[in-house]
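A short write-up of the structure that comes next.
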Amino acid sequence: MSSDDPLAAALAAAGLGGVQPGDTRPPEPRIEVVSDDPAEPTGPRELWPEGIGTGVGSLPGTDPREASALVTGETPEFPAFPELPARGVGADMIGRTAGLLVDLAVEVVPTGWRVTARTGRDLRRARDLLAGDLDAFDDACDRIRPHWVKIQVAGPWTLAASVELASGHRVLTDRGAVREFAASLGEGLRAHVAEVAERTGATVVVQLDEPGLPAVIAGSLSTASGYGTVRAVRAPDAQDLLRDLISGIAAPVVVHCCADRPPIRLLAGAGAAAVAIDATRPAFTGTTAEPRALDAIGETWDEGVPLLLGLLPGTAPEREPAIGDLARAGYDLADRLGFDRRRLARLAVPTPACGLAGATPDWARRALTLSRELGKAFADPDE
């Protein structure tokens, strides 16, 4: 090309002098400065103090002030916001959680809770009960000023398995509806956590109750007709939804599953700060313990994820267990998995095996007291 060629001049101006039309030119080398300094390590997630116990959530009775006085009196280091399902519609686990949903409404029908177009008396009752419960809990916490409190709601999979669409089918059958419910729950939970934290002055721990998750994964839930079962949800998909919900909550999240064989690895892998189980189940204790179940606990502890160990019966036993026998169950588990007993106070928080709604008031009080004493025993294995 001649020097007065317009194309040549344009190529030169673009830094492509000497390149013939149709030719390609390799990109200019780029120098990227990479620091040799290691990335700043992120500190461990702040968790509750060692050597404490707490409740699972539900209690007998119908008086929220009495229930709040009970949990703050017996487990003052880590009281669980009481649930009183004996009050009926709206106080049950699903109704209480539905009261937190944003831009979604449900109502009670003969088969349970069902999606509806607008807020009705059932949902208003659920919200009124929750507001009254929070007033009572706030007043009780004001007397002791706890540093940590725990709230409980149904997890997204149990919620989707328990609520019906307008068609009568479970929300679980519509994956788009499942995601919508999970997003609505996340938005409502964020507001609820902020309110509880502001009113109690405590760090809030969220417990997602997922008793229905194993059935969701196994595909064992019945269809509306009762002649079939709902298609199983793949474990990775179940974990992804939980992870998305947990990551959007600015609080430590515990996932609780008191089923026979809870998916401990799945729950821990979803980003839960802790996993709560019924440790009295045959899969975890004595000669019936299953290696696979024990391995799941060991791997979870290896990753530094603690367990809320349900060790106290949910109803009054014929003979009250001695604190030494209860502590031995925790020590035996640590010994069996090769963990130093002195780590148990960090790795485990003792609780009742599940909710105490079916217990007598006397046993509910005693179970919470024993949970607290058991936490102290974990902190001092020599004693």
Report task. Give the long-range amide H neighbours of A348: residues separated by 5 or more places, or on another chain, with amide H under 5 Å away, using H modelled in the peptide plane at 1.01 Å from N. Result -> L307
**Report entry** Footprinting exposure proxy for K150, K376 (fewest neighbouring C-beta atoms within 10 Å first)
**Finding:** K376, K150
Query raised in the report: Is the range 51-379 best put as rounded, prolate or oblate by its Cα gyration tensor, with a ≥ b ≥ c the root eigenvalues, rounded for a/c under 1.5, and otherwise prolate when a/b is larger than b/c, oblate when not?
Result: oblate
Report summary line: Sequence order, the range 263-268: Karplus ³J(HN,Hα) from phi using 6.51 cos²θ - 1.76 cosθ + 1.60, θ = phi - 60°, Hz rounded, Gly and Pro as x, gives x, 4, 4, 4, 5, 5
Query - Relative contact order computed over the range 51-379 (Cα-Cα under 8 Å; 6+ residues apart), in percent - result: 21
Report task. Relative to the longest principal axis of the C-alpha atoms of the chain, give the angle of the C-alpha long axis of helix 235-247, reported between 0 and 90° and rounded to the nearest 10°. Result -> 90
Query raised in the report: Exposure proxy check: E210, E320 ranked by fewest other beta carbons within 10 Å?
Result: E320, E210
Report summary line: If the chain between H169 and I144 were fully extended at 0.36 nm per residue, the gain over the current Cα-Cα distance would be 4.4 nm
Report summary line: Long-range amide H partners of G155, meaning residues 5 or more apart or on another chain whose placed amide H is closer than 5 Å, are D209, E210
Query raised in the report: Using modelled amide H (1.01 Å from N, peptide plane; none on Pro or chain starts), what sits under 5 Å from the amide H of T116, excluding residues fewer than 5 places away?
Result: A105, V106, E107
**Report entry** Relative contact order [Cα under 8 Å, 6+ residues apart], the range 102-212, whole percent
**Finding:** 33
Requested in this report: Step through the residues of the range 179-193 one at a time and calculate ³J(HN,Hα) from phi using the Karplus curve (6.51 cos²θ - 1.76 cosθ + 1.60, θ = phi - 60°), rounding each to whole Hz and writing x for Gly and Pro.
Outcome: 5, 5, 5, 5, 5, 5, 4, x, 5, x, 5, 4, 5, 5, 4
Query - Any cysteine of the chain lacking a neighbouring Cys Cβ under 4.7 Å - listed by number - result: C141, C257
Query - Neighbour-count order for R366, R328, fewest beta carbons within 10 angstrom listed first - result: R328, R366
Report task. Taking 7 Å along the Cα-to-C-beta vector as the label spot, tell me the T223-R65 distance in nanometres, rounded to one decimal. Result -> 5.2
Query raised in the report: What are the ³J(HN,Hα) values, in whole Hz, obtained from phi via the Karplus relation 6.51 cos²θ - 1.76 cosθ + 1.60 with θ = phi - 60°, for each residue of the range 201-211 in sequence order, with x given for Gly and Pro?
Result: x, 10, 6, 9, 9, 9, 10, 8, 8, 10, x
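Computed from the coordinates by the stated procedures, all read-outs in this text should not be read as laboratory data. Fair warning: this is a prediction, and the values are worked out from it, not measured in the lab. For neighbour counting, all protein chains shown are included, and Cβ atoms are generated from backbone atoms with ideal geometry for every residue, glycine included.
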